[in-house]
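Below is one structure, written out as structure tokens; the observations come after it.
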Amino acid sequence: MEIVSCLLRFTIVNAQMHMKTIVGQTLYQLTLVKTVGRATSVPAINYSEAFIPEPFIKVCSAHGRTSISEESNRRIAGERTMNEDETVEMYGKMRIALDIIAECEEFAAIIPEVRTNLVYTRKDPKDKMDVLAVDGRITVVDGRPHASGPARFGASSHMARFLIGIHNEFPSVRAGIDFANDPQLTKFLEEYCLKKGWSLIGIDRSKEPEEIKDQEGLSVPWKAKEVAKIAGRKMPKIAYESGAIGKEPVSALLGEDPVEIAREICDLAKAYKAYVSPPAKVGKIGKEVFESFLLNRLGKPNEKVVVPPLTGVDAAVIDIGNDNVLVIAEDPIFAIPGFPLDFFGWATVHIGASDIAVMGVAPQFMTYSLLMPPGTCDDDLRTIVDAIHNAANELEISIVGGHTGYYPGLPSPMIGGVTVFSIANKERYVTPTGARPGDNVILTKGPAIETAGALAVMRRDELLGRYDAKLVGKAVNLSNQMSVVKDALLAIEAGGVTSMHDATEGGVIGGLYEIANASNVGMEIDESKFVYPDEVRMVCEHFGIDPVAAIAEGSLLITARPSHSKAIIKRLNEEGIEASVIGRITNEKETRKMKRRDGSVVDLSIPDQDPFWPVFFESLSKMAGRKS
């Protein structure tokens with residue numbers, strides 16, 4: 001009868017906890033969605049794997065009958081009297097956290113050999129039975145993090161005791177996860193924590209007292225006390241150990257709850273992967289390579305070259321006599337999947353012509369090389385050529401040469417090079433080297449025009465699933481604004497322009513830096529003054545792209561005398577082009593800053609990698625997957 005009574009008591013308690021767990025996870029998930037908004041991805045709950053405390057039954061091999069263990073009796077009694085709301089919340093948060101970690105492939109690379117555990121303590125814990133953890137720890141299966149068992153109270157010893165020690169000194173710390181440690185990772189953590197404003201604490205295990213080492217169970221409390229002592233009053237965020245002989249060194253990330261910890265450890269793991277294996281650069285070469293290598297390999301010098309190749313200068317200028325100069329530029333153009341071929345032809349002309357227009361000169365002549373894969377049908381050839389012809393007519397450009405042919409190794413048609421050039425009076429052009437202190441800085445249309453337009457076309461269905469169809473349609477139509485020919489010629493017409501530059505790769509922040517660098521001036525920019533179309537915000541926020549750093553063909557940067565700024569903006573507005581003054585040129589050459597919308601201040605610079613490209617290639621993969 002005693003055994004039956006114990007089993008009955010277990011069954012009732014276990015059933016109660018089962019229901020609390022499922023309901024708790026559901027309510028917590030709904031609360032999280034309501035709190036953080038639809039932009040937060042909350043993993044769905046699989047109720048078949050609900051967090052039910054493990055059965056408190058063990059088989060006594062000596063007597064061959066079922067009994068309740070002493071530890072389980074204590075757990076049952078504790079769970080019957082514990083704060084039910086706290087428990088429900090803890091199981092719910094733990095489940096969501098483990099789902100986030102399970103999807104973070106990068107974290108698998110920093111799981112130590114001894115494996116890892118995610119721990120979450122009650123307020124005012126007494127021992128490990130007050131700490132929720134993964135039974136069997138988190139391991140690696142098929143290259144991904146995998147929880148070996150369900151979450152239960154008492155499942156962890158080492159991490160649980162360490163967390164309790166930290167919590168006793170810093171009550172807000174209730175969760176943590178351990179991960180690997182080595183010299184390379186430590187070096188990364190030093191830079192990462194500095195950037196994040198986190199405290200990083202190192203514990204030298206070689207200084208652990210011998211009397212502590214010799215007694216079982218004393219090392220963990222000693223480590224916790226060392227962390228607290230070094231941390232002082234500032235809450236510790238990451239602690240790591242070194243110097244222990246025969247023991248694998250580990251690190252620990254600490255925080256307020258497991259969902260926060262899961263997101264932070266995944267971000268850290270992704271950043272570490274990029275640190276040790278930086279992605280191959282996509283897009284134009286960097287400033288350093290351009291200036292240290294290419295500029296030293298420009299063939300025979302010629303005194304007729306007035307404006308040679310320079311960072312941030314869109315075209316060359318050559319003196320051809322009789323007070324005239326030749327302004328000339330070249331660009332490659334590739335077809336963007338999802339866009340019609342007639343857009344490819346239109347973009348070929350406008351992107352090439354924009355580099356001449358920003359010099360303050362109307363484009364007059366062009367050549368182009370159209371390269372196509374074998375098997376391209378005649379209709380596609382005709383569509384491309386007709387579109388180039390029509391766009392050239394629209395801009396009053398004469399096509400005077402080029403090359404057209406079929407070549408293996410090309411996935412789609414591309415323009416090997418479009419060369420646009422004009423003849424102008426030598427006093428009637430501007431370059432990005434002309435900005436002067438006191439000038440206003442003007443931006444047309446806003447940032448990330450090409451980024452938003454291209455991705456809206458490539459991922460239209462995905463965006464339509466989350467956003468208003470009219471807003472998505474406006475984003476798609478941004479593609480038709482990927483030209484600054486009109487912007488530049490209108491600005492020149494209004495007068496007072498000292499320099500212009502189209503914000504292509506590296507976005508607005510890169511273009512601003514290039515003007516400041518080319519003109520050898522300082523610059524103060526305020527992002528809150530930008531024209532910011534809602535459709536640009538929507539696309540960039542959806543894909544996690546910083547709009548000021550992303551490719552922005554169609555966005556024109558102008559520096560102008562303050563006396564002419566209003567006239568320039570008025571003239572642009574008359575033709576339906578939005579523009580605003582976003583900053584000014586200064587004498588302080590070492591000060592080139594942008595105040596971001598959140599109030600932070602950053603240096604103007606050319607991004608190491610335009611954030612458009614990773615999303616672009618991800619989009620290509622998704623499109624290829626749909627076709628297959």
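The values are calculated or read from the model by the stated rules, or taken from the named source; none is laboratory data. As the structure is a prediction and not an experimental result, all values here were calculated from the model. Cβ coordinates were reconstructed from backbone atoms using ideal geometry, including for glycine residues, and neighbour counts include every protein chain displayed. Surface accessibility is based on the protein's heavy atoms, side chains included, excluding ligands, DNA and RNA. Shrake-Rupley method; radii C 1.70, N 1.55, O 1.52, S 1.80 Å.
List of remarks:
- Translational diffusion coefficient (Stokes-Einstein; Kirkwood radius from C-alpha pairs) of the chain at 25 °C, 0.890 mPa s, in µm²/s: 85
- With every protein chain in place, segment 402-533: carbon and sulfur % of accessible area (1.4 Å): 49
- Rounded percent of accessible protein surface that carbon and sulfur make up, segment 117-205, 1.4 Å probe: 47
- Those lysines that a straight Cα-Cα span of less than 26 Å connects to residue 126, excepting residues fewer than 8 apart in one chain: 20, 58, 93, 213, 223, 225, 229, 234, 237
- Degrees separating the helix 507-519 axis from the principal Cα axis of the chain, which is the longest one: 50
- Using the Cα coordinates of segment 403-488, the gyration tensor eigenvalues translate into equivalent-ellipsoid semi-axes of 32, 26, 10 Å, sorted from longest to shortest.
- Counting all C-alpha pairs of segment 231-336, share separated by more than 21 Å (%): 67
- The calculated Kirkwood hydrodynamic radius for segment 491-550 is 13.2 Å, given to one decimal from all distinct C-alpha pairs.
- Within the shell defined by Cβ-Cβ distances under 12 Å, the residues around residue 347 carry a net charge of -4, with Lys and Arg each +1 and Asp and Glu each -1.
- Selection from 441, 265, 360, by position along the positive dipole direction of the chain (Cβ): 265
- Taking the chain and dividing mean pair separation by its residue count, relative contact order in percent (alpha carbons under 8 Å, at least six apart): 10
- Here segment 506-628 is treated as a Stokes sphere of Kirkwood radius computed over C-alpha pairs; at 20 °C and 1.002 mPa s its diffusion coefficient rounds to 133 µm²/s.
- With both labels modelled 7 Å from their Cα along Cα-to-Cβ, the residue 169 to residue 623 distance reads 5.5 nm.
- Net charge contributed by nearby residues that have their C-beta within less than 14 Å of residue 488 (K/R +1, D/E -1): -3
- In whole angstrom, segment 409-563 maps to an equivalent ellipsoid with semi-axes of 30, 20, 14, each derived as √(5λ) from the alpha carbon gyration tensor and ordered largest first.
- Descending by average beta-carbon neighbour count within 10 Å, the peptides 565-572, 533-540, 445-452, 408-415 line up as 445-452, 533-540, 565-572, 408-415, the highest first.
- Carbon + sulfur, % of accessible area of segment 241-374 - ligands and nucleic acids excluded, 1.4 Å: 58
- For peptides 335-345, 183-193, 284-294, sequence by mean Cβ density within 10 Å, most packed first: 335-345, 183-193, 284-294
- Cα lying deepest toward the dipole's positive end in the chain, options 594, 346, 324, charges on Cβ: 594
- Å³ per residue enclosed by the Cα convex hull of segment 539-601: 132
- Stokes-Einstein diffusion coefficient of segment 127-281, Kirkwood radius over Cα pairs, 4 °C, 1.567 mPa s, in µm²/s: 79
- Remark: the chain carries 48 Å² of accessible area per residue (probe radius 1.4 Å; ligands, DNA and RNA excluded).
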